1. Between A60, S49, A112, whose Cα lies farthest towards the positive end of the dipole of segment 40-134 when Lys and Arg beta carbons carry +1 and Asp and Glu beta carbons carry -1, centred on the Cα centre?
2. Which value in nm describes the separation of the simple spin-label points at S96 and M356, placed 7 Å from the Cα toward the beta carbon?
3. Using only alpha-carbon positions, what ratio does the radius of gyration of segment 520-672 give when scaled by 2.2 N^0.38 Å?
4. Give the separation of the Cα centroids, segment 583-627 to segment 344-415, in Å.
5. Taking Cα pairs under 8 Å and at least six residues apart, what relative contact order does segment 17-86 come out at, in percent?
6. Tell me, what is the FRET efficiency for R29 and Q384 to the nearest 0.05, using R0 = 22 angstrom and their Cβ-Cβ distance as r?
7. Would you mind getting the Kirkwood hydrodynamic radius of segment 11-73 from its Cα pairs, rounded to one decimal in Å?
8. Would you list T124, T524 from the most to the least accessible area, probe 1.4 Å?
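The values are calculated or read from the model by the stated rules, or taken from the named source; none is laboratory data. Nothing here was measured: the structure is a model prediction, and the numbers come from that model. Cβ: placed from backbone, ideal geometry, glycine included. Neighbour counts: every protein chain shown. Areas reflect the complete protein model, heavy atoms only, side chains present, ligands, DNA and RNA absent. Shrake-Rupley method; radii C 1.70, N 1.55, O 1.52, S 1.80 Å.
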Amino acid sequence: MRQFYQVFFEETEEHLANIEALLLRLDERQPSAGEVAEIFRAAHSIKGSSATFGFEDMAALTHELEDMLDRVRKGKLGLTRAMIDAGLEAVDVLRSLLDAHRGARQPDTGRAERLRQRLAALATQAPDGADRFQDHDDLRRYELVFNLTRVVAGSGLLVGNMLDELGRLGELEIIERPPAQQPEGRWRVRLSTRAEESALRAVLELVTDPGALHLTRMPPDAPDPASSGGFAEEAEDGSYTLFQPFPPAGRREGQPAGEPPVGDAEMSASQTTLAQSPPKAVSVASRSSADAWIRVGVDKVDQMIDLVGELVITRSILQEVANQVDAEVLDRLMHGLGLLERHTRALQESVMSIRMVSVSMVFGRFPRLVRELSARLGKRVRLQMEGEHNALDRGLVERIADPITHLVRNALDHGIEAPALRRAAGKPEEGRLVLRAAHQGSYILIQVEDDGAGLSRERILARAQARGLPVREGMSDAEVWQLICEPGLSTADEISDLSGRGVGMDVVKRNVQALGGQLEIRSTPGRGTCIGVRLPLTLAIVDGLIVGIGSERYVLPFGFVTETLQVSPDAVVVVGGQARMIRVRGDYLPVIELGRVLGVPQAASDWCAGIMVVVEAHGMRAAVLVDSLIDQQQVVIKHLGDHFRRLPVFSAATVLGNGKVALIFDVAGLLERLRSGQTLAA
């Protein structure tokens, strides 16, 4: 069985993530029967698989969770916050036990046993008399007609599991079942239940083919099949037709007379998996669905990406050679290179998409964090997530989670006010926190927005001056907001275990810059703050503007470039006989002479003769003086390694088509050093 352990671990993690997300979405005042049933089925699957693999500690704990959820979905218990809290703790404990079975840690059996007893107590508490799913009237009665899929119909264990699931929803009576010789035939069952129709469909749509399920709700005054010897079915004209009587109690139609009645215990298959009883035949639809996914190791995907990067470099080399080829064969060669470029780009995009994952992998952890932290702070906060289905590189997902977590904690702690303060300010007591993701070209923008008190410009400037930071009159709001990222600067009045020490935002900014991104901050006093993290979609390839400085070639990431221009003498601002800035459409921009900063021989120094590349990061703009614009193309990022980490203005390198290495500028770091007055020399 050990060869299947990895599949069990991965599937259980998916079930636990689904349970956690659904529990956080549940409203204990008006819970959705469909969501409760979905949580129950996920717990049911974990219990069965755990028992199959011999992980009895997980099976025992999940059994108590399943039992509590079963009583809730049947209306015997009203859902409470204590139940949701216990369910969330069960997710944590099950994850801990899962890690223990992987060998990553020692199992906390004491915590698991205490939680098991707590769940058992919650499941056996006295009913509160409230049916949270629908009206407090008589039971609803449904007529269900369906055909099972070939996979399920061919397995008696799976059929029994399906009947057991329906039986948990209420009183089940089987009217017609297919004979053993034709297991894919028609089923007719009647169910008396307090569950919603969606809960019934949730059970049967998993085991029936599309269009093979017909559900009819019986009228309140319809004849009772148990007493009248039949059942009623609604016709298209609204009339009801009485059908054949029920089979004797305890025996289902189609069951041979010599066989004993089938009981619930015999039909239950809660601890059995499909692998233990493989079906004789698999439908075409099921087979194609199963073959649509494969599990591939991340290391293999990384190797493919590296090879595609080398292919991109090879294409650039061929392009460089083609420029020197004799004109007679140039047309044919260029045609072939054009095809190679299109196919390489298509292959590159296809391979990159394999590594791309949904932003929901980051956002998925925050409903739990917001729920628990807002309760701890005594605040009411509604979390809203937008664009979580956008995708970015898996490596970015793993490294951006901590910075986003810090931004969310900051927003909850001293962004959104306490209910009393919000009420006094004329705001609703419940604060709003928005997590938003959106694609912008080759970048993705992740924003954390709140409707809290906003940032105070005066307080930030006062704190910055007190710490001796360089501030000046006339600073734009964007520049002032960036001061909160300075080490040791905090706008919190009190130090808590969540914030106030001034050691968080500077770490966030450094981590974002290390990923080739930038931090964008907007705030309106009294209305809230929005902090955006702009990141490249991938860490492997970037769109770059190749520029010439003297005889050298460098790369400016295209996401930071806003425009290129040549300035006239009247646009140069001279102070004390020396050129200091340039004027661009009313804005005054500082100029960075890269040739002088890097010490490149024969680099342009005449501002009007060279080319200005306007770049922007962290709310600050500047003009970069270069000699020439060479090309705009995708470049493969090659990290500099340990020996070059001290280079202050470069983030990485690449290989150009001529085989030479070109350094990639760290534009965000360059502008940050300019703003803070640090030397730009490399």
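1. Towards the positive end, the residue furthest out is S49.
2. Modelled inter-label distance: 3.9 nm.
3. Details: Rg = 16.7 Å, N = 153, 2.2 N^0.38 = 14.9 Å.
Taking N as the residue count of segment 520-672, the ratio is 1.12.
4. Centre-to-centre (Cα) distance: 36 Å.
5. On the way: 50 pairs, mean separation 23.7, N = 70.
Result for segment 17-86 is 34 percent.
6. Working: r = 19 Å, r/R0 = 0.88.
Calculated value: 0.70.
7. 11.8
8. On the way: T124 105, T524 65 Å².
Largest to smallest exposure gives the sequence T124, T524.
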